[in-house]
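Have a look at the structure below before the remarks.
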Amino acid sequence: MKRKIALIAHGGAGGINYARRRLRGLKEAVEAGYDILCRGGSSLDAVEKTAVILEDKPVFNAGTGSYLNLTGEVEMDASIMTSELKFGAVGVIRDVKNPITIARMIMEKTDHLLLCGENAIKFARYMGLPYYDPKTKEKELIWQRKRRKRESRYFGNVWAFDNYSGTIGAVAIDTQGSISVATSSGGINLRLPGRVGDTPIIGAGTYADPNGGVSTTGHGEEIMRQLLAYRAVTLMSRLRAPEAGRRTLAHATRSGCRCGMIGIDKNINMLCLNNTKAMSWCYIKNGKMATFLDD
Ligand code: ASP
């Protein structure tokens, strides 16, 4: 019997403003990733493709259209992982188009797990990735408006998170039963330069093992403290994905962590949960699509 396949993606748990634009982007990305799975491709190729398409859509806070830090610069984080425990991540990277592709190159072409800052940029250039400015006018205007209001303060309270997010993530399982996860983020609006969020931290923003895979989004500092992705995947060793997700989210809520998460377990059960106002998401399982705008 042919193994079943599935792919799920999120567009951040910080709200669903521009809902139709988000939906269009998510559908296109999930369809492209799912198509790779249908043709027998790997979950790794599928989540990278999905993440690249989402990074290229300015409506999301990843790649092109990332939020700006306190000094008006785009600094991005990304990570990718497979259920064989292969992992690669990049932190505080600037001047590149697709951080997720660099994360994959770090995973496949180096002995390391995480590269950050200037030397991550040098690595990207060495790998042949050209200069690219991911800053958009739209996000620059938001920055100017918020910067004026906040004077010298950066992300100071979790409520601010609700309006300023759109990190992206994808989880897929392929015909071989291999699970992969990709997460990419422009971080939090007005954060301090050099701040690394949960996205490139193994077990926080991204985790996969043979039981399942999870990508998280939300208040990065709290997600790191709780190692949310690892927590949810670990529970999948004895629970189905929806229950593992519910327990993890309940723990997050008790701990004051505002977040969302998506995931798939080895038996193709899905989880898609958040404790924020709203999260955008889309998945295809056994050929059927579901989205955050379905009723
Ligand atoms: N988790 C991201 C960060 O804190 C933000 C987000 O998910 O939207 O950098």
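Solvent-accessible surface of the chain, averaged per residue with a 1.4 angstrom probe and all protein chains in place: 41 square angstrom. Kindly identify the stretch 9-140 as rounded, prolate or oblate by the Cα gyration tensor criterion: order the square roots of the eigenvalues as a ≥ b ≥ c, call it rounded if a/c is under 1.5, otherwise compare a/b with b/c, prolate if a/b is larger, else oblate. Oblate, because a/c is 1.5 or more while a/b does not exceed b/c. Other residues whose C-beta falls under 9 angstrom from the C-beta of GLY205 contribute a net charge of -2, scoring Lys and Arg +1 and Asp and Glu -1. Classify the stretch 71-141 as rounded, prolate or oblate from the Cα gyration tensor: take a ≥ b ≥ c as the square roots of its eigenvalues, call it rounded if a/c is under 1.5, otherwise prolate when a/b beats b/c and oblate if not. Verdict is prolate for the stretch 71-141. Using the Karplus relation 6.51 cos²θ - 1.76 cosθ + 1.60 with θ = phi - 60°, the per-residue 3J(HN,Hα) values for the stretch 46-58 come to 5, 6, 5, 4, 4, 5, 4, 4, 5, 4, 7, 9, x Hz, with x marking Gly and Pro.
Relative to the dominant Cα principal axis of the chain, helix 117-126 is inclined by about 60°. Share of carbon and sulfur in the accessible area of the chain stands at 51%, probe radius 1.4 Å. Phi angles across the stretch 214-220 convert, under the Karplus curve 6.51 cos²θ - 1.76 cosθ + 1.60 with θ = phi - 60°, into 3J(HN,Hα) values of 9, 10, 10, 8, x, 6, x Hz, Gly and Pro given as x. Evaluated with a Cβ-only charge set (Lys, Arg +1; Asp, Glu -1), the chain carries a dipole of roughly 700 debye about its Cα centre, given to the nearest 20.
Can you tell me what share of the DSSP beta bridges in the stretch 1-155 is antiparallel? A percent to the nearest 5 is fine. Restricted to the stretch 1-155, the bridges split so that about 60 percent are antiparallel. How would the stretch 156-295 be classified by its alpha-carbon gyration tensor: rounded, prolate or oblate, with rounded meaning a/c under 1.5 and the a/b versus b/c comparison settling the rest? Verdict is prolate for the stretch 156-295. Taking max minus min of the alpha-carbon positions on each principal axis, the chain gives extents of 59, 43, 33 Å, largest first. Taken about its Cα centre, the stretch 197-295 carries a charge dipole of about 260 debye when Lys and Arg each add +1 at the Cβ and Asp and Glu each add -1 at the Cβ.
What is the local net charge at VAL196, summed over the other residues whose Cβ is closer than 11 Å to its Cβ (Lys, Arg +1; Asp, Glu -1)? Residues close to VAL196 contribute a combined charge of -2. Note on LEU192 and CYS38: the extension gain reaches 51.2 nm, defined as 0.36 nm multiplied by sequence separation minus the Cα-Cα distance. Highest mean packing first, where packing is the average number of other Cβ atoms within 10 Å per residue, the peptides 76-85, 278-287, 138-147 line up as 76-85, 278-287, 138-147.
Under the criterion of Cα pairs below 8 Å and six or more residues apart, the relative contact order for the chain equals 26 percent.
The values are calculated or read from the model by the stated rules, or taken from the named source; none is laboratory data. Only a predicted model underlies this, so the values are computations on that prediction, with no experimental measurement involved. FYI the Cβ positions are ideal-geometry reconstructions off the backbone, even for glycines, and counts take in every protein chain you see. Just so you know, the surface numbers come from the protein's heavy atoms only, side chains and all, with ligands and any DNA or RNA stripped out. Shrake-Rupley method; radii C 1.70, N 1.55, O 1.52, S 1.80 Å.
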